[in-house]
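Note sheet for the following structure.
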Amino acid sequence: MEISSEIRASGPHSQGCVILVGAGPGAADLLTVRAVRAIAAADVIVHDGLVGADVMALVPPAARLVSVAKRRDRHTMRQDDIGALLVAEALAGHVVVRLKGGDPFIFGRGGEEVEACAAAGVAVEVIPGISSALGAAAAAQMPLTHRDHASIVSFVAGECRGLAEQNWVGLAGKGRTLVIYMGVTGADRIAEKLMADGLAPDTPIAVIERATLPTMRVLRSLLADLGGLVARETVQSPALIIVGDVARLGDIATLTTIAKAQTCPAY
Ligand code: SAH
């Protein structure tokens, strides 16, 4: 199995390296070919909770698995500790694959891990993944841009901590699509924040849960009902909130035939 020239140049076994690999939104066949190659070449796989079972099934039996996932009995490993772990494993001569949900550089702290490697003089490579916003848009047939609806897209982090300090003014509204990652827990407060910024309560919203996985759900409503929708439907993480006119797309009765044709039998 070939791995990229950059990794080969650093000598994968004589001198270790770290590869940050975007594992995509869940479905294993949404990995890039380069990601599959890197996983196959790994001595050590450091993964978090967002990486789906289908992707984990591709891990070679000889590779050592290290989970840094959040568990009920344990907090997520501190970012500094993850960086130190990657560096230590690489310095021990291993090809270390850091598997991250979606894309490593979209709310994935990939930047901090690259910096940790660079500071320690460890060779590091980044392989992009399909970020969940893109996976969700395709799976729900909800284009994030559309000549009739939106020509600007913004990705924001909606986690409760620091929400009040984030300035989202102008990111949502006519002609714009706002995609909110990590927003399910704070959905109520997110809706309030957007309305306080002047967004109309009847702005279309969609919540896309477990995008690209067989149990994916696409729920739609209006901004004023965002918190209500999440509570009524007991939406669980991982899920994305999409705010803007495109949130209406993909669920129109007339699209039914298109949706049926989506699974091309020859593919
Ligand atoms: N790097 C990741 C994002 C990590 S932040 C990426 O590029 O997608 C974690 C957030 O991503 C979750 O809270 C959720 O909002 C979103 N997410 C990840 N996987 C998802 C999925 N399969 N469906 C919906 N949202 C997902």
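Can you give me the number of residues within the range 106-133 that are closer than 28 Å to L213 by Cβ and in contact (Cβ under 8 Å) with a residue 40 or more places away in the chain? Looking only at that region, the number is 14. For the range 216-263, taking the residues that are among the polar types (S, T, N, Q) and under 21 Å from H146 (Cβ atoms), the one that is modelled with the highest pLDDT is identified as S221.
Can you say whether G93 is part of a loop (DSSP other than H, G, I, E, B), at pLDDT 95 or above, surrounded by 14 or more Cβ atoms within 10 Å (Cβ to Cβ) and away from the ligand (no atom under 16 Å from the Cβ), as far as the supplied structure shows? In short, yes. Counting only residues that are within 10 Å of the ligand (Cβ to nearest atom), assigned to a helix (DSSP H, G or I) and out of contact with any helix residue (DSSP H, G or I) (no Cβ under 7 Å at 6 or more places or on another chain), the range 119-139 holds 5 of them.
For residues in the range 26-56 being at pLDDT 95 or above and assigned to a loop (DSSP other than H, G, I, E, B), which is farthest from the ligand (Cβ to nearest atom)? Only one residue fits best here, namely D43. The strands (runs of 3 or more DSSP E) found wholly in the range 140-221 and carrying at least 2 residues that are surrounded by fewer than 21 Cβ atoms within 10 Å (Cβ to Cβ) and of a type in the set (V, I, T) occupy 150-157. Got at least one residue in the range 139-157 being on the phi > 0 side of the Ramachandran plot and of a type outside the set (F, W, Y)? Yes - at least one qualifying residue is present in the range 139-157.
Annotation: of all residues in the range 161-200 being under 21 Å from A231 (Cβ atoms) and basic (K, R), the one that is nearest to the ligand (Cβ to nearest atom) is R161. Scanning the range 206-230 for residues that are small (G, A, S), away from the ligand (no atom under 15 Å from the Cβ) and closer than 16 Å to G158 by Cβ yields a single hit, G227.
The values are calculated or read from the model by the stated rules, or taken from the named source; none is laboratory data. The structure displayed is predicted, hence computed values, not measured ones. Here Cβ is always computed from backbone atoms with ideal geometry, including for glycine, and neighbour counts include all displayed protein chains.
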